[in-house]
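Trainee: Shown below is the structure under consideration.
The values are calculated or read from the model by the stated rules, or taken from the named source; none is laboratory data. On a predicted model such as this, the values are computed, not experimentally measured, just so you know. Here the Cβ positions follow ideal geometry from the backbone for every residue, glycine too, while neighbour counts run over all protein chains shown.
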Amino acid sequence: MLKNDVLVALTSIFVALDTIGVLPMVVAMTSHLNRDEQRKLMNLSVGVAFTVAIAFVAIGQSVFKHLGISIFDFKIAGGIVLMLLGVIDIVGGPDTGKPKSPQTGIVPLAVPLITGPAAFATIILLVGNVGYVITIGALIANYLVTWLILRNINVIERILGKEGSIVMSKIAALLLVAIAVSMIRTGVFDAIRAF
């Protein structure tokens, strides 16, 4: 039972974080930064994302309940933010909508791309099903994997080159808008089902 709970927690959080899925967007958003800036941004973004996830384990359900916010509200709000960022990047030049410094890249990198509505919903379910210790252990393991992947993003960028990064940027922006639409749609449908 314990082994099964750990496996469920590890895989659920891995799927919810979707590090591989957000990789093209992260490459596109950080292509203008040098290697040191990228690493600092990834350290900061993954650190903030992990801190937000751990804080959510501790107080997420009570904060959402107190404010009258549900997961579907968060999906809709996160989707709107992602959609705006994606549209700005699609219609603007190659550097439009990209963070100008590592500090401004926390949103949308840390939240909602790395730690987003799927992660929040998964955390709530896991805490209820497998408990705090297994959920926190699975978070630590998955954020470590995410950090290792994103910290070495410059290797992927080197393979793409400058033109490839621009193309990837536009594709990633379109994917970002599609993810945003999906988040908004599922949030709306979840809200309708809840009432």
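Trainee: Here are some residues: A178, A173. Which one is exposed (fewer than 14 other Cβ atoms within 10 Å of the Cβ) and not aromatic (F, W, Y)?
Mentor: A178
Trainee: Run down V127, V107, V81 and say which single residue is surrounded by fewer than 21 Cβ atoms within 10 Å (Cβ to Cβ), modelled with pLDDT of 85 or more and not polar (S, T, N, Q).
Mentor: V127
Trainee: Right, here's the next one. Could you tell me which of the residues R158, R151, R185 is under 24 Å from M42 (Cβ atoms) and exposed (fewer than 14 other Cβ atoms within 10 Å of the Cβ)? Give the derivation first.
Mentor: On the way: R151 fails: exposed (fewer than 14 other Cβ atoms within 10 Å of the Cβ); R185 fails: under 24 Å from M42 (Cβ atoms).
Criteria check complete, one pass: R158.
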